[in-house]
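The values are calculated or read from the model by the stated rules, or taken from the named source; none is laboratory data. Note that the coordinates shown come from a computational prediction; the quantities given were computed from them, not determined experimentally. Please note: Cβ atoms are built from the backbone with ideal geometry, for glycine as well, and neighbour counts cover all protein chains shown. When the accessible area is computed, the model is the full protein with side chains, heavy atoms only, and any ligands, DNA or RNA have been set aside. Shrake-Rupley method; radii C 1.70, N 1.55, O 1.52, S 1.80 Å.
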Amino acid sequence: MNQKNLPQLYSLTAMGIATFLGSALAAGYMLAKNYSALGQPQMGRYALIGSIVLVLVFIALPGLFTPNMTTAVVFMISQVVLVLFATNRLQGAMFRSFEEMGGKYYSVGKGVMVGVVASFIITAAWIFLVLLFGPQVGELNVPPNS
């Protein structure tokens, strides 16, 4: 396969930035698009489903702790680290051979756009849940120790 036949892919850098801006949902979308571009749509679906599960876990986890800015930053950075680790494990070798063959990545700006769109999706879903279940969504309501 020569450079002209190679599809464009999202880079690891773009995925990290998009995850920081829009959660693991952005990275899952980008991984899925990479897999689909390389003719592996089933792996793409697995990546997207895995990212949705990861987002749900990170939405549920803050209810276990007293919400504060430190916890939010730790969860945000944790998602980026987990996504970069998983992406490197899943597509790292593919990225290296893609680069050796002269493949081109989408711009980081496009990755930023994916992150921002994912952030809007997560925010809209959260607003929907709050409207549906009330402001206590995400709280565990554990009774205090007596």
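What the table shows:
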item	result
Test: residue in the stretch 26-40 that is open to solvent by 30 Å² or more (accessible area, probe 1.4 Å), within 17 Å of Thr123 (Cα to Cα), at pLDDT 85 or above and within 13 Å of the chain's Cα centre (by Cα)	yes
Pairs with Cβ under 6 Å, 6+ apart, first in the stretch 58-82 and within 20 Å of Ile17 (Cα to Cα) and open to solvent by less than 40 Å² (accessible area, probe 1.4 Å), second at pLDDT 75 or above and of a type in the set (A, V, I, L, M)	Gln79/Ala24
Hits in the stretch 93-106 - residues which are touching a residue at least 24 places away in the same chain (Cβ under 8 Å) and either surrounded by fewer than 17 Cβ atoms within 10 Å (Cβ to Cβ) or of a type in the set (A, V, I, L, M, F, W, C) (or both)	Met94, Phe95, Phe98, Met101, Gly102, Lys104
